[in-house]
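Heads up, the thing below is written out as structure tokens.
The values are calculated or read from the model by the stated rules, or taken from the named source; none is laboratory data. Keep in mind the model is a prediction, meaning the values are calculated, not measured. In this analysis, Cβ positions are derived from the backbone assuming ideal geometry, glycine residues included, and neighbour counts consider all displayed protein chains.
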Amino acid sequence: MVVVKKVVGTYVKKFIEMDPDFQELSLHLKIVHEREQSVVFEIKGNYVSGSGNFNSNENGRNLYVILDLSLRKILDMIKKD
């Protein structure tokens, strides 16, 4: 849990630096597929700002990797905007 807070906190700092109109970031975690030896997670991210809304959706077995990919995708969309 502490690692997730640090990863999300780091990205939120970047979001605020790039977009001063930042309002909200929501992340939803869902277990898509579960077996005895493995689990597939899905993370849906939603970024709300005065300049627009951005969404990301990632699936994978490693929670930390898909969290980073989801937040990086939102960051890339902010850079393009």
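Take Gly45 and decide whether it is out of contact with any His (no Cβ under 6 Å at 6 or more places or on another chain) and at pLDDT below 95. Considered against the rule, which asks whether it is out of contact with any His (no Cβ under 6 Å at 6 or more places or on another chain) and at pLDDT below 95, Gly45 comes out as no. Would you say Glu24 is exposed (fewer than 11 other Cβ atoms within 10 Å of the Cβ), acidic (Asp, Glu), in contact (Cβ under 8 Å) with a residue 12 or more places away in the chain and outside any helix (DSSP H, G or I)? For Glu24, the condition - exposed (fewer than 11 other Cβ atoms within 10 Å of the Cβ), acidic (Asp, Glu), in contact (Cβ under 8 Å) with a residue 12 or more places away in the chain and outside any helix (DSSP H, G or I) - is met. Of all residues in the stretch 42-59, one or more are under 13 Å from Tyr11 (Cβ atoms), among the aliphatic types (A, V, I, L, M) and either under 13 Å from the mean Cα position of the chain (by Cα) or surrounded by 12 or more Cβ atoms within 10 Å (Cβ to Cβ) (or both). The single condition among (1) among the charged types (D, E, K, R); (2) in contact with a strand residue (DSSP E or B) (Cβ under 8 Å, 6 or more places away or on another chain); (3) within 16 Å of Met77 (Cα to Cα) that Lys30 does not meet is (3). Considering (1) part of a strand (DSSP E or B); (2) touching a residue at least 24 places away in the same chain (Cβ under 8 Å), the lone condition that Leu71 does not fulfil carries the number (1). Suppose we keep only residues that are of a type in the set (D, E, K, R) and surrounded by 14 or more Cβ atoms within 10 Å (Cβ to Cβ) within the stretch 10-21. Which one would you say is nearest to Ile78 (Cα to Cα)? Among those that are of a type in the set (D, E, K, R) and surrounded by 14 or more Cβ atoms within 10 Å (Cβ to Cβ), it is Asp19. Picking from residues in the stretch 64-81 that are aliphatic (A, V, I, L, M) and within 11 Å of the chain's Cα centre (by Cα), the one that is surrounded by the fewest Cβ atoms within 10 Å (Cβ to Cβ) is Val65.
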